[in-house]
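Nothing in this text is a laboratory measurement; each read-out follows from the coordinates by a stated rule. Quick caveat: nothing in here was measured; it's all calculated off a predicted structure. As a convention, Cβ positions derive from the backbone with ideal geometry for all residues, glycine included, and neighbour counts pool all protein chains shown.
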Amino acid sequence: MSNVDLIEMKIPAKAEYVGVIRLTLSGIANRIGFSYEEIEDIKVAISEAITNSITHGGVKEGEGEITISFGVYEDRLEVMVADDGESFQLNEVKSKIGPYKKSESMEDLREGGFGLFLIEVLMDKVQINNGLDGVTVLMTKYLNGVGVDLDDDQVSSQS
Amino acid sequence: MELNIDIVEERNKSVVRLSGEIDVYTAPQLKEKLLPLTKMTGNEVEVDMEFVSYMDSTGLGVFISALKSSNENSSKLKMINLSDRVYRVFNITGLHEIMDLERINKVER
């Protein structure tokens, strides 16, 4: 029932490798049977998670490693992005994310902070583990949206 | 995984043609080329995104800085020929409300 194939990759925490992971993801997600649109959505979510690791403290750019594991199930894809850097203030970050609201003035407009929001919107389930030895983001996308309520789109967190 | 940036300068207008992917690797290159154009008072900056195959929040960050800069310097910023994919990222984040975006013309062939 819970037959899973695991594929794991490690990349240096460098910006130029994020595209390589997107290519790999395309192949894996296509193999599971996701549509073109869904694959493009998952690409964005995974890139955002890796970008976070590279740019937001997690690891120092160029130092450290990021591990990406793909759990291939019959009905879903699970992707885990883990870095070996320092933890970040999840609650502080979470309070700053969300879509742009018309009430915000142009001066206050953030140039970042949309990454985590995009992950939440584009994936069915997101879990963030913020430990002493790094940050782990676990994202799940179901085939044809099985098994998820619309209201279930939320980030749970553990420290 | 590259982003090609071609800039054509016309009178009071800069046309920026992009092709490739906008991500954490290429966004800084785009920012470096795009921002100076928005700092020219009265300049009209048109970014043609027809051949952008991928964009994530790092691209949004660049366009937000460019928009702020164009507001401060009385220039104009417009993105044209957005594919459904690229438009989706602006749309989900609500940024389509404040940005001048023109989606690609979907003519039946």
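Numbers for the structure displayed
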read-out: Test result for B:E21, facing another protein chain (nearest Cβ under 9 Å), touching a strand residue (DSSP E or B) at 6+ places or on another chain (Cβ under 8 Å) and buried (at least 20 other Cβ atoms within 10 Å of the Cβ); value: yes
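A quick yes/no check of all residues on (1) among the acidic types (D, E); (2) surrounded by 16 or more Cβ atoms within 10 Å (Cβ to Cβ); (3) in contact with an Asp or Glu (Cβ under 9 Å, 6 or more places away or on another chain):
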residue	(1), (2), (3)
B:S57	no, yes, yes
B:F63	no, yes, no
B:K68	no, yes, yes
B:E72	yes, no, no
B:L77	no, yes, yes
B:S83	no, yes, yes
B:R88	no, yes, yes
